[in-house]
């Protein structure tokens, strides 16, 4: 009998800008390919793009990691600006019809958190949180060695916890979410306003590195918001360690700044903050491992 970890899995990672597909077996990724995510707002167009990109056979299971809220195989975009799709789109059943295999569908940050917990920065901890700080902010939670998804799939969406009461309107419908302060999208928006010219998040970091005080202030506010979010989660479920990934999270000096700011917290709230180790395809790996377990 084939060991679960060696079962060939077609792993699919659906993000707001790209779909990535790979064949995963024994914890190794092969034949990875990607294409732009259709942004028509139609789930059927998303599934058609996945089917066009995927190999036609050679796998025994399918695992999907996707942005948004996953409940019983159906997908709803918490922030439609990230991935426009019909509320409650039956992604699992649609992919099952397209491939003839019922897939496992899980939130992408939750999948990445599982990969980090099993293979990367979370090894050896019982309560662990993975944050991806990129275009948006995602979070996956491991509590008592188990991946938390919640009854409705909402568990871990810390990017939509309030950071600035009455602040900027978020795509989720609330105001002042962490994502409106500390995501790459937020840094670009705030930087463009404060600097008086259009800048991307990498350009904002470059400006701060060149001594621009306003750019440094914007980044410092994002770091402060993230560290307070870590403290809130620690107060809620007693996290042992935080791993940070994503384009912003892994920017030069960012994790060091998070660590330095965390030392200002009262000792009871301080926890290790480390760089994620499972890599950019942690979502593919984690989803494949979860599918094998299932």
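FYI, it's all coordinate maths here, none of it is from the lab. Bear in mind that the values here come from a model prediction, so they are computed numbers and not experimental data. Methodologically, a virtual Cβ is constructed for each residue, glycine included, from the backbone with ideal geometry; neighbour enumeration extends over all protein chains shown.
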For the chain, give me the percentage of DSSP beta bridges that are antiparallel, rounded to the nearest 5 percent. 60
Residue exposure sequence - 239, 137, 218 - by fewest surrounding Cβ within 10 Å: 239, 218, 137
Scale the Cα Rg of segment 123-275 by the rule-of-thumb value 2.2 N^0.38 Å and send over the ratio, two decimals. 1.02
Helix-derived mean residue ellipticity, 222 nm - over the chain, DSSP H n ≥ 4, -39500 (n - 2.57), to 500: -11000 deg cm²/dmol
Could you list 269, 59 in order of exposure, starting from the residue whose Cβ has the fewest other Cβ atoms within 10 Å? 269, 59
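Which ordering of 78, 284, 187 is given by a fewest-first count of other beta-carbon atoms within 10 Å? Display every interim value, and only then the final one.
Values: 78 22, 284 30, 187 26.
Taking fewest neighbouring Cβ atoms as first place, the list is 78, 187, 284.
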Taking Cα atoms only, Rg over Rh for segment 1-95 with Rh from the Kirkwood formula is 0.98
Which value does Rg/Rh take for segment 67-166 over its C-alpha atoms, Rh per Kirkwood? 1.00
Convex hull volume of the Cα atoms in segment 100-143, per residue, in Å³? 91
